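Scroll down for the structure; my scribbles are underneath it.
Every number here is computed from the coordinates shown, using simple stated rules; none is lab data. Quick caveat: nothing in here was measured; it's all calculated off a predicted structure. Note that we place each Cβ from the backbone using ideal geometry, even for glycine, and neighbour counts take in every protein chain shown.
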Amino acid sequence: MPSDIIDKVIVAVFCLIATSFATFIWAKFSAKFKKFLKELEAVKENNVSISADRLTQSCNHFLELGYIPVLECQNIEKLFKSYENLGGNGTIKSMVNSVMALPKSKPNDKTG
């Protein structure tokens, strides 16, 4: 009978130690994972900001030129798609649509 009690005490102590260890590991992992998610969100926001800036600069440039070469048009489309996929808002969309409507080659110079 006493060995039966000792066995139960050993099992209980082992379970307590295992549970404590698992809780400690989970707490460490959880904190690191939360930090990782926070950093990932910051990188995402940074990419959205950089993409918005780049799209604005490119669109303004080609709107001033009055045309957009096909390759540049494709680049803007790809960048805008990734901007939207990252959660960029629709503010830039009207500017991109205006650029996409531009002629795809330089208009002939009719002066002279």
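With r as the distance between the Cβ atoms of Thr23 and Asn46 and R0 = 35 Å, compute the FRET efficiency 1/(1 + (r/R0)^6) and round to 0.05.
0.50
Hey, which lysines would be in cross-link range of Lys44, C-alpha to C-alpha under 30 Å, not counting anything within fewer than 8 residues on its own chain?
Result set, ordered by chain and number: Lys28, Lys32, Lys34, Lys35, Lys78, Lys81, Lys93.
In debye, nearest 20, what is the charge dipole magnitude of the chain about its Cα centre with +1 on Lys and Arg Cβ and -1 on Asp and Glu Cβ, if you could check?
With Lys and Arg at +1 and Asp and Glu at -1, about 80 debye.
Between (1) 31, 28, 24; (2) 113, 18, 17; (3) 38, 27, 22, which matches Cα extents along the principal axes in Å calculated for the structure shown?
Of the labelled values, this structure produces (2).
Set the Förster distance to 35 Å, then compute FRET efficiency between Ser94 and Lys38 from the Cβ-Cβ distance, nearest 0.05.
0.60
Show that you can apply the helix-only estimate: for the chain, add -39,500 (n - 2.57) for every DSSP H stretch of four or more residues, divide by all residues, and state [θ] at 222 nm to the nearest 500.
One gets -28500 deg cm²/dmol as the mean residue ellipticity at 222 nm.
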